[in-house]
1. Are there trypsin sites (Lys or Arg not before Pro) in segment 23-104 that DSSP puts in a loop and that have at most 11 other Cβ atoms within 10 Å, and which ones?
2. Per-residue HN-Hα couplings for segment 80-90, Karplus 6.51 cos²θ - 1.76 cosθ + 1.60 at θ = phi - 60°, whole Hz, x for Gly and Pro?
3. With each label point set 7 Å from Cα along the Cα-Cβ vector, what nm distance links Ala91 and Arg75?
4. Tell me, what is the FRET efficiency for Leu56 and Glu104 to the nearest 0.05, using R0 = 22 angstrom and their Cβ-Cβ distance as r?
Amino acid sequence: MNRITLTRAAGATACWLLLCTAVPAQTVGADRIARLDVAQLKTAYLACDEQASERLLDMGSAALCSQVGEALKQRAFDGDFNRLIEWWRAAKAERRQLAALRDE
């Protein structure tokens, strides 16, 4: 699997998790995000990060990613932004290592 395939898979996973297929990002409500478990929020957050690092997000997608980030911060890290960032850095490093192994 190459980087482009991983990126597409991450984006598709985020959309599926957030039920955004055929639904504009801005209409995905807090109630739908609230139904995601922490593992799904983490996956969606990393997918948002991946997408935002490759292109400018439209306003709806940026708002959706912001909502996912806030929900993740509150539910997984007790509202502690620094813990969220610490997890994100570690998760990103792990994803880079996995991608490098796959590309070998």
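1. Working: sites: Arg32, Arg35, Lys42, Arg55, Lys73, Arg75, Arg83, Arg89, Lys92, Arg95, Arg96, Arg102; in loops: Arg35, Arg55.
In loop regions of segment 23-104 (DSSP not H, G, I, E or B), the sparsely surrounded trypsin sites (Lys or Arg not before Pro) are Arg35, Arg55.
2. 8, 4, 5, 5, 4, 5, 4, 4, 4, 4, 5
3. Label-label distance for Ala91 and Arg75, simple model: 1.2 nm.
4. About 0.10, to the nearest 0.05.
Readers should treat all values here as calculations from the given coordinates under stated rules, not as data from a laboratory. The shown structure was predicted, so the numbers you read here are calculated from the model rather than taken from an experiment. Cβ coordinates were reconstructed from backbone atoms using ideal geometry, including for glycine residues, and neighbour counts include every protein chain displayed.
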